[in-house]
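Report on the following structure.
Where a number appears in this text, it was derived from the coordinates with a stated rule and is not lab data. None of the values given here were measured: they were computed from a predicted structure. Note that each Cβ is placed from the backbone with ideal geometry, even for glycine, and that neighbours are counted across all protein chains shown.
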Amino acid sequence: MTAPPTALVTGASRGIGRACALALAGAGYDVAVTARTVSEGTSVEGLPGSLAVTTAEIEALGGRPLAVPLDLLDRDSLVPAVEAVLDAFGHLDVLVNNAIYVGSGNDQRFLDVSMVDLEKRITGNLTAQLAITQRALHAMVGRGGGTVVNITSMAGMLSPAGPIGDGGWALGYAVSKGGLHRAAGVIAAELGERGIRAYNLQPGFVATERVTLQPHLAWVAEQGNPPELVGKVLVWLLGAPDGTVGNGKTIHATEVGKELGLLPS
């Protein structure tokens with residue numbers, strides 16, 4: 001019997017990560033998920049969602065779940081987290097880099113944010129992803145192939161219409177997402193001939209739990225698509241015939257959603 005494909009989705013206790021994990025499980029994947037919130041009701045932000053709930057939902061969809069508690073700022077735990085997945089599943093077909101750092105200073109303008117908070121954001125949104133991705137890619141190359149999907153952001157691609165709090169975003173978020181946005185193209189150039197595919201998945205505005213519960217992000221929630229859209233587009237991307245999306249390229253969830261009839265055109 002052929003082993004099911006496997007995936008690791010970071011930041012999957014809620015929001016886009018949870019939606020991606022459940023979509024993969026529904027498509028026949030065994031899915032490992034990471035997050036800081038292990039059990040329901042323990043989120044430091046008071047948000048719903050946890051590894052316990054997500055893994056139960058994966059199992060209900062027929063997938064084999066694996067919960068890997070992970071704090072992106074704990075550098076010593078990043079590589080072991082990937083190794084725990086490899087030990088449990090035996091191989092890794094797909095890595096979805098979704099998790100970001102959420103903490104103090106996230107919503108401050110550049111002249112107000114401390115360098116300590118700024119460094120945490122760069123570490124949590126970029127350095128951690130590179131460490132996780134490098135270990136995953138070593139395993140994928142050794143097996144002959146695999147796919148990395150980075151959940152990117154327009155904040156890493158465009159200048160804002162205004163400052164944070166007035167239609168814009170924090171500089172730390174923009175530069176960290178901008179850095180991550182460049183990874184897929186380089187990975188494709190270096191490892192495409194060794195069976196590796198790498199993509200940016202730009203979700204657009206998404207009405208996640210965090211967004212809907214924070215008044216200063218109401219403008220995002222009003223325009224946001226459900227997180228489930230991103231999961232559906234992810235599964236489409238992974239199953240699309242070779243050449244449908246060029247290796248190293250960016251796809252936009254809203255555009256693909258309209259093309260697939262998942263959203264009004």
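Remarks
- Contour minus Cα-Cα distance for residue 250 and residue 104 (0.36 nm per residue): 49.6 nm
- Per-pair calculated FRET efficiency, R0 = 45 Å: residue 265 and residue 79 via Cβ, rounded to 0.05: 0.55
- Simple spin-label estimate for residue 154 and residue 39 in nanometres, 7 Å along Cα-Cβ: 4.1 nm
- Annotation for region 41-141: trypsin sites (Lys or Arg not before Pro) lying in DSSP loop with at most 13 further Cβ atoms inside 10 Å of their Cβ are 109.
- Hull volume per residue, based on the alpha-carbon atoms of region 80-206 and their convex hull, is 110 Å³.
- Relative contact order for the chain: 18 percent, from Cα pairs under 8 Å spaced at least 6 residues apart, divided by residue count.
- Note on region 27-77: percent of Cα-Cα distances in each 5 Å bin, starting at 0 and stopping at the bin with the largest distance, equals 4, 23, 25, 22, 16, 9, 2.
- Evaluated on the chain, the Kirkwood hydrodynamic radius is 18.5 Å, with distances taken between all distinct Cα atoms.
- Three-way shape label, region 1-118, alpha-carbon gyration tensor, a/c 1.5: prolate
- Those lysines that a straight Cα-Cα span of less than 22 Å connects to residue 249, excepting residues fewer than 8 apart in one chain: 177, 232, 258
- The mean of 1/r over all pairs of different alpha-carbon atoms in region 109-155, once inverted, gives a Kirkwood hydrodynamic radius of 12.8 Å.
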